[in-house]
Amino acid sequence: MTPDFAETIALRALAWIAANEELLPVFLGASGASEVDLRDGARDPAFLGALLDFITMDDAWVTAFCDSAGLDYHAPMTARAALPGGGDVHWT
C-alpha cells in the first residue's frame, strides 16, 4: 500500500469518527486532541497514523468503519503500516 492511499483510508476514518457522536468524544478524550486538531491533523500523516491506531484498538470499531467505507477489514492495519511510525516493531 502506498503512503498516499494509506492517507486516503485514514482521512476516510477521520470523517467516520467525526460523524460518530459516540466515538468522537472517546477519541478526543483518549488523544487529547480538540476539534481544531482534527482539522489540522488531516494534513499530518503521523496524526492520521495515530487515528488508525485508535480505531484498530477495537474490532467492533474496525468492523463498523470498514463496513461503512466498503473496505476489507485488514485495510486499517495495512494503511497504518504505510504511515509514519507504522512499521513492524522488532524487539531483537
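What do you reckon, is residue 84 out of contact with any Leu (no Cβ under 8 Å at 6 or more places or on another chain), outside any helix (DSSP H, G or I) and without any contact (Cβ under 8 Å) to a residue 60 or more places away in the chain? Considered against the rule, which asks whether it is out of contact with any Leu (no Cβ under 8 Å at 6 or more places or on another chain), outside any helix (DSSP H, G or I) and without any contact (Cβ under 8 Å) to a residue 60 or more places away in the chain, residue 84 comes out as yes. Whether a residue is over 17 Å from residue 86 (Cα atoms) and in contact with a helix residue (DSSP H, G or I) (Cβ under 7 Å, 6 or more places away or on another chain) was assessed, and residue 27 passes this test. Residue-level check: of (1) touching a residue at least 12 places away in the same chain (Cβ under 8 Å); (2) closer than 26 Å to residue 2 by Cβ; (3) assigned to a helix (DSSP H, G or I), residue 66 misses just (1). The requirement of being at pLDDT below 95 and touching a Leu at 6+ places or on another chain (Cβ under 8 Å) is not satisfied by residue 11. Looking only at residues in the stretch 28-63 that are surrounded by 20 or more Cβ atoms within 10 Å (Cβ to Cβ) and of a type in the set (Val, Ile, Thr), the one that is farthest from residue 3 (Cα to Cα) is 62.
The values are calculated or read from the model by the stated rules, or taken from the named source; none is laboratory data. Predicted model only: the values in this text are computed from it and were never measured. Cβ atoms come from the backbone with ideal geometry, glycine included; neighbour counts cover every protein chain shown.
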